[in-house]
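These notes are about the structure you will find just below.
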Amino acid sequence: GGGFPGLVLAAMRPDLDITLIESDARKGAFLGEAARRMALPKPPKVVIGRIEAVAPAKADVVTARALAPLRQLLAWAAPHRNDPAICLFHKGKGWQGELTEARQDWDIEAQPFSSVTDRDAVLLCITAYRPKDLRDR
């Protein structure tokens, strides 16, 4: 996932290959400049484009915050993740409803972790998911 958290991850874990996908060119330019100024030993790759339109990242971990409902996030993340991979999605107050809705289309193994910044929010850790067979619906 793009944004400031990706820069923090790059600073804390220089052993990782980090790709930030950002649809807003201004924000993408900021991320690239911030990474340059931080003089990171291994700066993140910044990709300007929409997640559904860029080349698959083949990531072991996919993150997102305030991007889309869970059902849509899973569809967008699917081509970008290795198998196995985990998804870490920061979800707000309605996360349980989003999870219920997403389970209409996806078989999901998920574990919520309480947010330290918002008592109604969670970090949703999805360890596995696959599209449901049409016969299951």
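The values are calculated or read from the model by the stated rules, or taken from the named source; none is laboratory data. Everything numeric here is computed off the predicted structure, so don't read it as measured data. A quick note on method: Cβ atoms are made from the backbone with ideal geometry, for glycine too, and the neighbour counts reach across all protein chains shown.
Things worth noting here:
- Some residue of the stretch 59-72 being surrounded by 12 or more Cβ atoms within 10 Å (Cβ to Cβ), more than 16 Å from Thr19 (Cβ to Cβ) and of a type in the set (Ser, Thr, Tyr): no
- Checked against the criterion of being among the basic types (Lys, Arg), within 26 Å of Gly32 (Cβ to Cβ), modelled with pLDDT of 90 or more and in contact with a strand residue (DSSP E or B) (Cβ under 8 Å, 6 or more places away or on another chain), the candidates Arg71, Arg81, Arg65 yield just one match: Arg81.
- Test: residue in the stretch 113-120 that is more than 17 Å from Phe4 (Cα to Cα), assigned to a helix (DSSP H, G or I) and within 18 Å of the chain's Cα centre (by Cα): no
- The set of residues from the stretch 16-36 being of a type in the set (D, E, K, R) and either modelled with pLDDT of 95 or more or not in a loop (DSSP other than H, G, I, E, B) (or both) comprises Glu22, Arg26, Lys27, Glu33, Arg36.
- Just one of the listed residues (Leu20, Leu31, Leu40, Leu7) is under 21 Å from Asn82 (Cα atoms), outside the structural domain of His90 (by TED's automatic domain parsing) and touching a residue at least 12 places away in the same chain (Cβ under 8 Å), and it is Leu20.
- Among the conditions (1) on the phi < 0 side of the Ramachandran plot; (2) in contact (Cβ under 8 Å) with a residue 24 or more places away in the chain; (3) surrounded by 13 or more Cβ atoms within 10 Å (Cβ to Cβ), Gly49 misses just one, which is (1).
- Restricting attention to the stretch 93-137, the residues that are basic (Lys, Arg), in contact with an Asp or Glu (Cβ under 9 Å, 6 or more places away or on another chain) and either surrounded by 11 or more Cβ atoms within 10 Å (Cβ to Cβ) or closer than 14 Å to Arg65 by Cα (or both) total 3.
- Given (1) surrounded by fewer than 14 Cβ atoms within 10 Å (Cβ to Cβ); (2) more than 16 Å from the chain's Cα centre (by Cα), index of the condition Pro84 fails: (2)
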